[in-house]
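First the structure, in the form of structure tokens, and then the observations on it.
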Amino acid sequence: MDIITVVGSGVMGKGIAYTSAISGFKVFLNDINETVLEKAKQDIYGLLEGSCQKGFISAEQLATAKENLVFETNLESAAKDADLVIEAVLEKIDLKIEIFKKLDAICRPDTILATNTSTMSPTEIGAQTARPDKVIAMHFFNPVHKMKLIELIRGLETSDETVRIVKEISEKLNKETVEVNEFPGFVTSRMNCLIGNEAMNMLMEGVASAEDIDKAIKLGLNHPMGPLELADLVGLDTRLRNMEYLYQTLGEKYRPSPILLKYVKAGRLGKKSGSGFYHYS
Ligand code: NAD
């Protein structure tokens, strides 16, 4: 197992590609948008060089990682030789299904197809392919190179062999795994979305400022990040899609906060757009 293709080069895709490349895998990073893919390349190179200067990776690892990375807008060229494909496109079920159908036609029959969905059903996605036994969710966390966990979610038909191989790859990526039964939002997104949404409602109700809500949760509850700064890091558009899916599947408790809807409508998408609950230079 040595070729990983990552589909989608946004916040998560570029992080997964970087982590896979420094772990010795040959990596094809694909995006439909050439400008986004070029930006991902610059960001990954910047991260690689910064990590080398700080001594986190050796000069040899830096050179090998650069050699191992291929940036490719054509999905067929990017995925035809892959042993594992990790999809990290927008959190939209129709888009994910469309991509899995294409990958099913492009990839070798033994290729494992994984989705980095935060909330959605690998069973539903896998059922649209001829290889539901080789479809699984690998839920990475942001920023990928720093966060230790991958949540593994099997679909109804996912085989033990697929789980075994994906666990082995996760270890090579220097990650810990948990195996979670399929349910909307798994363990982490179900919990995290609720905390974030409550923080947004509190902000809207004037309970405290964004800074003080985050400070209270960090210093009072010992979370490493506040829920509002975390939502900004995730991307408010992505968080809204997560909330909408959880609201649809789990009900009222997950109704997206009106302030989240308002910010997304205004184009305030968090760190990636320069402003969200905070402003970024
Ligand atoms: P993003 O919006 O930053 O990136 C999505 C990328 O997909 C964009 O670059 C877009 O151009 C690309 N794309 C769209 N259609 C495509 C296609 N047909 N082919 C190839 N590329 C295409 O989103 P993100 O935050 O990286 O989230 C991606 C996935 O990861 C979502 O399912 C999200 O729920 C999940 N996730 C996100 C986070 C997070 O913190 N942002 C954490 C864990 C999981």
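The values are calculated or read from the model by the stated rules, or taken from the named source; none is laboratory data. Keep in mind that what you see is a predicted model, and the values were worked out from it rather than measured. A quick note on method: Cβ atoms are made from the backbone with ideal geometry, for glycine too, and the neighbour counts reach across all protein chains shown.
At a glance:
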{"read-out": "The range 111-134, subset surrounded by 21 or more Cβ atoms within 10 Å (Cβ to Cβ) and among the hydrophobic types (A, V, I, L, M, F, W, C), residue farthest from the ligand (Cβ to nearest atom)", "value": "Ile112"}
{"read-out": "Candidate set from the range 1-24 (those that are in a loop (DSSP other than H, G, I, E, B) and surrounded by 23 or more Cβ atoms within 10 Å (Cβ to Cβ)); member that is farthest from the ligand (Cβ to nearest atom)", "value": "Ser9"}
{"read-out": "Thr188, sole failed condition from (1) out of contact with any helix residue (DSSP H, G or I) (no Cβ under 7 Å at 6 or more places or on another chain); (2) away from the ligand (no atom under 15 Å from the Cβ)", "value": "(2)"}
{"read-out": "Close pairs (7 angstrom Cβ cut-off, 6 or more residues apart or separate chains): of a type in the set (Asp, Glu) in the range 136-153, loosely packed, with under 15 Cβ neighbours inside 10 Å anywhere", "value": "Glu151/Val178"}
{"read-out": "Out of Ile195, Ile213, Ile217, sole residue that is over 29 Å from Ala137 (Cα atoms), outside the structural domain of Gly8 (by TED's automatic domain parsing) and in contact with a His (Cβ under 9 Å, 6 or more places away or on another chain)", "value": "Ile217"}
{"read-out": "Selection count, the range 25-38, where residues are in a helix (DSSP H, G or I) and either touching a residue at least 12 places away in the same chain (Cβ under 8 Å) or among the aromatic types (Phe, Trp, Tyr) (or both)", "value": "4"}
{"read-out": "Residue that is modelled with the lowest pLDDT [pool: residues in the range 148-190 that are assigned to a loop (DSSP other than H, G, I, E, B) and polar (S, T, N, Q)]", "value": "Asn181"}
{"read-out": "Checking Gln128 against (1) of a type in the set (S, T, N, Q); (2) touching a Leu at 6+ places or on another chain (Cβ under 9 Å); (3) over 21 Å from Val11 (Cα atoms); (4) outside any helix (DSSP H, G or I), the condition it does not meet", "value": "(2)"}
